[in-house]
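Q: This structure is in structure tokens; I'll ask about it shortly.
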Amino acid sequence: MKREKLMRVGILTGGGDAPGLNAVIAGATSVLLKAKVEVIGILDGFAGIYDEQVIPLTYERVQGIHTRSGTILGSTNKRGIEDLELFRKQYQRLNLSGLIAAGGDGTFKGLSSVKDLVKLIGVPKTIDNDLPGTELTFGHDSAVSVVAQALIELKESAYAHNRIMVVEAMGRTAGWIALNAGIAAMADAIIIPEKECSLEKLAGHIKANPKRGIVICAAEGAKIDGQNFIQKTIANSPETHRLGGVSEYIANRLEELTGIEARHVILGHLQRSHAPTAFDRSLSLEFGVKAAQLALKGNWNQALAYRAGAIIPTQIEDYFGSPRVISGQHPKIQLAQSLNLWI
Ligand code: F6P
């Protein structure tokens, strides 16, 4: 009797980590193993293909990982597919039926450049929630929870000392984390990259509405007087600039303008390394399961997207456009305004 060729599927995580990556791995692996498919974990994104660093994914290996942040496979936001020929050679050695890759546009673009070779299912990922093809990415809810909790707690210290506390959230192009966390914590002001911010106007608002203990949530990509705050430059990264420092500038300037003492807190990678919320765990497990189901059906070269409350397959190219930023008319902006939060 002729035996069907057994499937061997690779799983890879690329770009910056996001809470829920491990749940994607667990969800996809469980479905594939149940269907008697061999599952291979590729370590450190594309580096694992170049350097042939892979591990078998078994039930034991993925058991319980859905509750942990990070990724058991490792990731990098530095290495892309620079050497196509070497990539081709190394990928072929892995003898994979296809690849499930959780990543952002950089990961998808890289893999699409070798489309004739790699059968791909893309799972969108970023805490920033700004990928163009999807209305929501896993990890975002967890990041928002971290920031909202910090704002709520820092309100106490701001009140105790009658200070302004400026909290800096991630979000280089889009202010989704700052906006959603600012609303959830009812921060006094929210500063996002999409809306030009005048600190003179904000200081005027603070002076006109005196209050003890003010908290402000600012996205790292917020532009003050049209200027971004670059913390460091990383030469071999698709995004060369790392942002940081806007909160310190805002705090110092507001102190000058209002006469109220001000401090700043940069939450940084805490937002990425907090354990995924229950919502993110469930969302990521579903992304993993749906990716594996597409692979089993042979529906390769697609990406998943969350739209109108459901995870659906879509074109990988949907992720190649500009980041999904917040429009001035977005209902969340209106909600913040209705709550009298300065934005
Ligand atoms: O894209 C996600 C993100 O978290 C950005 O908000 C942030 O600017 C960047 O990654 C930080 O990346 P790194 O891990 O290189 O510091």
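The values are calculated or read from the model by the stated rules, or taken from the named source; none is laboratory data. It should be emphasised that the depicted structure is a prediction, and the values quoted were computed from it without experimental measurement. Every residue, glycine as well, gets a Cβ built from its backbone with ideal geometry; the counts of neighbours run over all protein chains shown. When the accessible area is computed, the model is the full protein with side chains, heavy atoms only, and any ligands, DNA or RNA have been set aside. Shrake-Rupley method; radii C 1.70, N 1.55, O 1.52, S 1.80 Å.
Q: Determine whether Ile214 is closer than 25 Å to Ser327 by Cα, open to solvent by less than 30 Å² (accessible area, probe 1.4 Å) and not small (Gly, Ala, Ser).
A: For Ile214, the condition - closer than 25 Å to Ser327 by Cα, open to solvent by less than 30 Å² (accessible area, probe 1.4 Å) and not small (Gly, Ala, Ser) - is not met.
Q: On the basis of being modelled with pLDDT under 90 and surrounded by 15 or more Cβ atoms within 10 Å (Cβ to Cβ), does Gly80 make the cut?
A: Spelling it out, Gly80 is indeed modelled with pLDDT under 90 and surrounded by 15 or more Cβ atoms within 10 Å (Cβ to Cβ).
Q: Residues that are within 14 Å of the chain's Cα centre (by Cα) and free of Cβ contacts under 8 Å to residues at least 40 places away in the same chain: does the range 270-291 have at least one?
A: No, that holds for no residue.
Q: Also: What are the residue pairs meeting all of these: first residue in the range 217-233, first residue under 13 Å from Ala169 (Cβ atoms), second residue of a type in the set (D, E, K, R) and away from the ligand (no atom under 11 Å from the Cβ), Cβ atoms under 8 Å, and 6 or more apart or on different chains?
A: none
Q: I need a count of the residues in the range 179-199 that are charged (D, E, K, R) and within 23 Å of the chain's Cα centre (by Cα).
A: Residues flagged as charged (D, E, K, R) and within 23 Å of the chain's Cα centre (by Cα) within the range 179-199 amount to 2.
Q: I need the helices (runs of 4 or more DSSP H) fully contained in the range 226-343, keeping only those with at least 1 residues that are within 13 Å of the ligand (Cβ to nearest atom) and open to solvent by 30 Å² or more (accessible area, probe 1.4 Å). Don't jump to the end; show me each part of the working.
A: Values: elements: 246-258, 270-273, 278-297, 331-338.
In the range 226-343, 270-273 are the helices (runs of 4 or more DSSP H) which contain 1 or more residues that are within 13 Å of the ligand (Cβ to nearest atom) and open to solvent by 30 Å² or more (accessible area, probe 1.4 Å).
Q: How many residues does the range 169-190 hold that are touching a Cys at 6+ places or on another chain (Cβ under 8 Å) and either more than 15 Å from the ligand (Cβ to nearest atom) or open to solvent by 10 Å² or more (accessible area, probe 1.4 Å) (or both)?
A: Total satisfying the criteria: 5.
Q: Restricting attention to the range 74-83, and to residues there that are of a type outside the set (S, T, N, Q) and within 16 Å of the ligand (Cβ to nearest atom), which single residue is nearest to Ala275 (Cα to Cα)?
A: Gly74
Q: Could you tell me whether Ala218 is touching a helix residue (DSSP H, G or I) at 6+ places or on another chain (Cβ under 8 Å), in a loop (DSSP other than H, G, I, E, B) and within 16 Å of the ligand (Cβ to nearest atom)? First the steps, then the outcome.
A: Working: touching a helix residue (DSSP H, G or I) at 6+ places or on another chain (Cβ under 8 Å): yes; in a loop (DSSP other than H, G, I, E, B): no; within 16 Å of the ligand (Cβ to nearest atom): yes.
The answer is no for Ala218.
Q: Continuing with this model, one more query. How many residues does the range 69-126 hold that are in contact (Cβ under 8 Å) with a residue 24 or more places away in the chain and part of a helix (DSSP H, G or I)?
A: 17
Q: Out of (1) touching a residue at least 60 places away in the same chain (Cβ under 8 Å); (2) β-branched (Val, Ile, Thr); (3) closer than 23 Å to Asp318 by Cβ, what's the single condition that is false for Ile190?
A: That leaves (3) as the condition not met.
Q: Okay, next question. Go through the range 135-159 residue by residue and tally those that are surrounded by fewer than 24 Cβ atoms within 10 Å (Cβ to Cβ) and not in a helix (DSSP H, G or I).
A: Residues in the range 135-159 being surrounded by fewer than 24 Cβ atoms within 10 Å (Cβ to Cβ) and not in a helix (DSSP H, G or I): 2 in total.
Q: Here's another thing I want to ask about it. Looking only at the range 110-134, which residues are surrounded by fewer than 22 Cβ atoms within 10 Å (Cβ to Cβ) and in contact with a Pro (Cβ under 8 Å, 6 or more places away or on another chain)?
A: Of everything in the range 110-134, just one residue is surrounded by fewer than 22 Cβ atoms within 10 Å (Cβ to Cβ) and in contact with a Pro (Cβ under 8 Å, 6 or more places away or on another chain), namely Pro132.
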